[in-house]
Amino acid sequence: MALRKLVAGNWKMNGSLAALAELDAIAAAASDNLDIAICPPATLIAAAAARQPTLPIGAQDCHWNASGAHTGCLSVNMLREAGAQLVIVGHSERRTDNHETDAEVKAKATAAIAGGLIAIVCVGETEAQRDAGQAVAVVTSQLRGSVPEAGTGESLVIAYEPVWAIGTGRTPTIADVADMHAAIRKCLSELLGNEGAKVRILYGGSVKPSNAAELLHIPDVDGALVGGASLKATDFVPIIDAAK
């Protein structure tokens, strides 16, 4: 089934109040048949939501508890109050740099959904795992450990980002992306039943204007999670247009 595409930008640890001017052209690229979102650093969520109220703004992480002694962490309620509508959980950079486990990612996604945010759950293999022929096994294992039972087509998004392609300029072949997204779809159907067919699966990892059209029209690629190319409207809008 054809799902409504989502193109989400992950600004990571980049951006400033001045950079929010980029949101004006990004919001202007919206269309009736496509969803767009930007996930800036937490310090910019409220200002971003205020500047472009019609553009969904997301966070890059959340804690699974509603409150407590968790210095430096932000709860789902805090993010929603700031204006967030989505939250990325389990990005490979957090799995690696912050040693996040599948169980923690699942707890965060569960809290996000319960708190009214759309959870974008990230999965992906390393170069060594792909070279060893373990890519599908690794990704489906991450899915089984990270996807909350409460996930639905409206509350859950999966982002497949091969770790070795993030920020490197390298991308898998079209066949590799198609095979992985098909495997993810099969796993989602096993985990969530009928809802598994409704969950959007995004591709991420060096998505840019030059390859977006090809990537975004592969079966079961329901959009993109874009890193560096989402920081400037001149790069991000062509990706949005390619998804239309």
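The values are calculated or read from the model by the stated rules, or taken from the named source; none is laboratory data. Because the structure is predicted, anything quoted here is derived from the model rather than measured. Don't worry about glycine lacking a Cβ; one is built from the backbone with ideal geometry, like all the others, and counts go over all protein chains shown.
A few remarks follow.
- Tally, over the range 22-41, of residues that are of a type in the set (A, V, I, L, M, F, W, C) and within 14 Å of the chain's Cα centre (by Cα): 4
- In the range 63-106, the residues that are among the small types (Gly, Ala, Ser), buried (at least 18 other Cβ atoms within 10 Å of the Cβ) and in a helix (DSSP H, G or I): 82, 92
- Residues that are β-branched (Val, Ile, Thr) and under 25 Å from residue 198 (Cβ atoms), drawn from the range 100-139: 105, 110, 113, 118, 120, 121, 123, 136, 138, 139
- Restricting attention to the range 149-190, the residues that are of a type in the set (Val, Ile, Thr) and under 14 Å from the mean Cα position of the chain (by Cα) add up to 4.
- Identification of helices (runs of 4 or more DSSP H) wholly contained in the range 135-244 with 1 or more residues that are crowded, with 23+ Cβ neighbours inside 10 Å and among the aromatic types (Phe, Trp, Tyr) yields 233-243.
- One residue stands out in the range 13-22 among those that are touching a residue at least 60 places away in the same chain (Cβ under 8 Å) and either out of contact with any helix residue (DSSP H, G or I) (no Cβ under 6 Å at 6 or more places or on another chain) or among the aromatic types (Phe, Trp, Tyr) (or both): the one that is surrounded by the most Cβ atoms within 10 Å (Cβ to Cβ), namely 19.
- Selected residue (only one of 127, 149 is of a type in the set (D, E, K, R) and at pLDDT 95 or above): 149
- Those residues of the range 109-134 which are of a type in the set (A, V, I, L, M), closer than 14 Å to residue 64 by Cα and not in a strand (DSSP E or B), in sequence order: 109, 111, 112, 113, 114, 117
- Taken together, 48, 59, 37 contain a single residue that is more than 27 Å from residue 219 (Cβ to Cβ), of a type outside the set (Ser, Thr, Tyr) and in contact with a Pro (Cβ under 8 Å, 6 or more places away or on another chain), which is 48.
- Yes/no for residue 219 being touching a His at 6+ places or on another chain (Cβ under 8 Å) and of a type outside the set (Asp, Glu): yes
- Residues that are under 22 Å from residue 35 (Cβ atoms), in contact with a helix residue (DSSP H, G or I) (Cβ under 7 Å, 6 or more places away or on another chain) and β-branched (Val, Ile, Thr) were ranked within the range 118-134; the one that is surrounded by the fewest Cβ atoms within 10 Å (Cβ to Cβ) is 121.
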